[in-house]
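The values are calculated or read from the model by the stated rules, or taken from the named source; none is laboratory data. Note that this is a predicted model, so its numbers are computed, not measured. Cβ sites come from the backbone with ideal geometry, for glycine too, and all protein chains shown count toward neighbours. These area figures cover heavy atoms from the full protein model, side chains too; ligands, DNA and RNA do not enter into them. Shrake-Rupley method; radii C 1.70, N 1.55, O 1.52, S 1.80 Å.
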Amino acid sequence: MSISMLNKKYNILLLFFMFSSIFIQIPIIVLANGISSIKSYHIVIPILFLIILIRLKIVFFKNDVFLFFLFSLMSAIINGFIFGFNMLAAQALFCILTYYMAINIAYYIKLTDYYKILKIITIVFVLAVIIKSFYYYEALSMVYDTRQATLSIPFWLVGGGHNLEVTYIAFLAIFFIKRKAIFYILLTIVAFFSIIYLSRIGMIEAVMLLFFRLTLNMSKKKIFIVICCIFLVFLLLILNINFENSSLLDRFINISKELQNTKEGRGMLWFAAFELLQSNLNGYGIGNSILMAEDILNRNFIENNFHNLYLQYLLDLGILPLLVYLYLILKRAISSKIKEFKIFFILFIMISFVQFTGYDVVFWFFLGLHDAINRKLYLQKNQKEVLT
């Protein structure tokens with residue numbers, strides 16, 4: 001067997017282990033606060049990083065992501081000395097490792113190999129969700145009656161619970177958007193579990209995925225017609241359905257009331273966040289802002305984040321890292337030549353208004369894959385132009 005063949009299998013195996021640990025986040029040790037935990041990827045990623053360091057050729061991009069990490073680390077260190085250091089800051093290091101590991105692995109494998117691994121991980125993850133749901137059938141069957149109270153009973157494959165579990169399936173579906181049968185199966189699964197979990201964000205993701213699929217090769221005029229049709233369907237639902245008999249639709253209608261409630265939920269978290277912003281736009285340090293929000297409201301939160309990525313970065317890191325982050329993600333959402341990644345970035349930007357901590361390794365993993373694949377395509381294009 002040739003050296004190149006061994007290297008290929010070596011890189012594919014590394015990518016498979018990265019995918020597995022990031023999508024199936026098995027908690028190994030629950031920390032003292034009872035909310036955070038040491039998960040499988042906290043162990044797998046450092047081990048894989050050490051393996052990658054053995055390689056002779058390390059790929060390292062000095063790009064806008066590097067600039068974001070630099071400013072974020074500077075902010076975390078400065079604010080750490082001012083407001084104290086928090087264990088959550090270690091999560092930022094895992095984001096950095098994940099990004100550069102994804103680059104180094106994806107840079108050396110073919111795009112077809114990457115999709116094969118992605119397909120395997122998708123099957124494993126979705127099957128795990130389905131099997132788990134059968135095991136917790138009783139708790140899930142009572143979600144509507146208890147208004148989501150029984151969602152605290154099941155074990156969730158992803159840190160963040162039911163909303164992020166559905167979101168991860170939606171992310172995987174994006175990369176099969178050109179494969180009609182697989183995509184619609186995954187879309188159906190996203191919609192089904194969103195209804196079971198009473199997940200508003202899951203339903204929004206399902207609608208957005210359907211929109212992206214329908215408009216995949218359409219002209220701007222046809223895209224506008226599709227948008228009007230989707231809006232008309234929602235309008236008919238609002239006019240004709242008795243919302244008292246539909247808890248999921250009722251949750252959509254009561255969004256404004258929930259946000260006005262500063263005693264619980266996102267309304268409480270965002271109220272405390274804006275109170276903190278009035279006195280400081282330079283950040284409080286990773287993990288510190290949520291603790292200060294608890295002091296403002298004089299109560300302990302169940303959550304360890306603000307359920308808004310942009311607020312989280314602004315409060316933890318300050319305005320400069322946030323601006324760099326907005327630049328890097330908007331740039332890729334607008335200019336990426338890879339359709340699947342372009343959709344991923346657009347979806348991530350939109351749902352980041354209501355979830356994510358900012359230190360979610362799955363995003364940095366996909367970002368690293370995109371930047372590596374994008375760089376390879378760019379180099380291949382330049383080589384062809386030189387030859388011609």
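To the nearest 10 Å², what's CYS228's accessible area with a 1.4 Å probe? Here the residue's solvent-accessible area equals roughly 60 Å².
At an R0 of 35 angstrom, the distance between the Cβ atoms of SER40 and LEU320 translates into a FRET efficiency of 0.60. Using C-alpha pairs below 8 Å separated by at least 6 residues, the relative contact order for segment 32-132 is 38 percent. Evaluating 6.51 cos²θ - 1.76 cosθ + 1.60 at θ = phi - 60° for every residue in segment 123-130, the Karplus couplings come out as 4, 4, 5, 5, 4, 4, 5, 5 Hz, glycine and proline recorded as x. Quick check: from the Cα gyration tensor, does segment 61-216 come out rounded (a/c under 1.5), prolate or oblate? Because a/c hits 1.5 or more and a/b fails to exceed b/c, segment 61-216 counts as oblate. Judged by the gyration tensor of its Cα atoms, with axes a ≥ b ≥ c, segment 148-226 is prolate; a/c meets the 1.5 cut and a/b is the larger of a/b and b/c.
Using C-alpha pairs under 8 Å with a sequence gap of at least 6, the mean separation divided by the residue count of segment 49-193 gives a relative contact order of 15 percent. Leaving out ligands, DNA and RNA but keeping every protein chain, what accessible area does PHE60 have, in Å² rounded to the nearest 10, with a 1.4 Å probe? About 100 Å², rounded to the nearest 10.
Couplings 3J(HN,Hα) of segment 154-163, computed from phi: x, 7, 9, 6, 10, x, x, x, 5, 4 Hz, in residue order, whole Hz [Karplus 6.51 cos²θ - 1.76 cosθ + 1.60, θ = phi - 60°; x for Gly and Pro].
Pairs from the table (LYS9/LYS132; LYS62/LYS178; LYS116/LYS178) lying more than 21 angstrom apart at Cα are LYS9/LYS132; LYS62/LYS178. Judged by the gyration tensor of its Cα atoms, with axes a ≥ b ≥ c, segment 283-388 is prolate; a/c meets the 1.5 cut and a/b is the larger of a/b and b/c. Taking amide H atoms as placed 1.01 Å from N in the peptide plane, the amide H of SER37 lies under 5 Å from those of LEU31, each 5 or more residues away in sequence or on another chain. For segment 311-359, the share of accessible area belonging to carbon and sulfur comes to 79 percent (1.4 Å probe, ligands and nucleic acids excluded). Extension gain, LYS376-SER335: 0.36 nm per intervening residue step, less the Cα-Cα distance, totals 13.2 nm.
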